[in-house]
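First up is the structure itself, then whatever we jot down about it.
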Amino acid sequence: MTQMNRLVFATNNAHKLDEVRAMLPQFDLVSLADIGCHDDIPETADTFQGNAALKSDFITQKYGLDCFADDSGLEVEALNGAPGIYSARYAGEPVNHSRNIEKILRELEGNPNRNARFITVIALNYKGTQYFFEGTVEGTLTQTIQGNGGFGYDPIFKPNGYDITFAEMSQEQKSKMSHRGHAVQKLLNFLNNTALD
């Protein structure tokens, strides 16, 4: 598996990098900063899959490296799927998680429908071929912030079957059942199988 030990994860999000790195301990996972990439990679597609592919393709084409990228977001039923692909910048630029949460809670005030889901799509460029892996988790949004772990919308997202939010879970607990956890597990299964050929 030596040729698979080093993989570029096209992200500058330290929280996301730590989360995925913990799930792929057998790989030397490097970030954009680690390979000296400081470009502002465009995310101009209108789907999670499209944005993940744009990021992964950018790195592969510019650096010639096997790479994977993800695009994730929160889809709120009562908001017709918003914020969706605009999750990170829902409250505008620059990215501010607290303001994003405030905006969601404000828009849902008094609405009994709190159903939501997180989705992650990973695009992997490996040996000249692109592969996609998707993970989702259904849940509900709380009325107030609960917990101080995680990042993004974690303090207001309570996955179905749990009475705590992602922000109240340990990293290990969250990784086992989160949207990103499901997608990364599919990626890991693929890498393990492919590395053996």
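At what distance in nm do the modelled label points of LYS127 and VAL95 sit from each other, each positioned 7 Å from its Cα along Cα→Cβ?
According to this spin-label approximation, the distance is 3.2 nm.
Quote the relative contact order of region 56-197 in percent (integer), defining contacts as alpha-carbon pairs under 8 Å separated by 6+ residues.
Result for region 56-197 is 20 percent.
List, in order, the whole-Hz ³J(HN,Hα) value for each residue of region 161-174 obtained from phi through the Karplus relation with A = 6.51, B = -1.76, C = 1.60 and θ = phi - 60°; use x for Gly and Pro.
The phi angles translate into x, 10, 10, 10, 7, 4, 6, 9, 8, 6, 4, 5, 5, 5 Hz.
Of [x] 1, 7, 16, 20, 20, 15, 10, 6, 3, 1, 0, 0; [y] 1, 7, 12, 16, 14, 14, 13, 9, 6, 4, 2, 1, 0; [z] 1, 8, 17, 22, 23, 18, 8, 2, 0, 0, which is the value of P(r) over Cα pairs in 5 Å bins from 0, in percent derived from the coordinates here?
Label [x] holds the value from this structure.
Tell me the angle of helix 179-195 to the major Cα principal axis of the chain, expressed in degrees between 0 and 90 and rounded to the nearest ten.
That helix lies at roughly 10 degrees to the long axis.
State the Cα centre-to-centre distance between region 20-85 and region 98-167 in whole Å.
17 Å
Assuming a ≥ b ≥ c are the square roots of the Cα gyration tensor eigenvalues, decide whether region 52-166 counts as rounded (a/c under 1.5), prolate (otherwise, with a/b larger than b/c) or oblate.
Note, shape of region 52-166 comes out prolate.
If the chain between ALA45 and TYR86 were fully stretched, how many nm would it gain, using 0.36 nm times the residue separation less the Cα-Cα distance?
Working it through step by step, the gained length comes to 13.7 nm.
Of the DSSP beta bridges with both residues in the chain, give the percent that are antiparallel, rounding to the nearest 5.
Around 85 percent of the beta bridges assigned by DSSP in the chain are antiparallel ones.
Roughly what angle does helix 97-107 make with the longest principal axis of the chain, taking Cα atoms, 0 to 90 degrees, to the nearest 10?
40 degrees
Read the figures in this text as sums done on the coordinates, not as results from a lab. In this text the structure is predicted, and so the values were computed from the model without any measurement. So basically every Cβ, Gly included, is an ideal-geometry build from the backbone, and we count neighbours across all protein chains shown.
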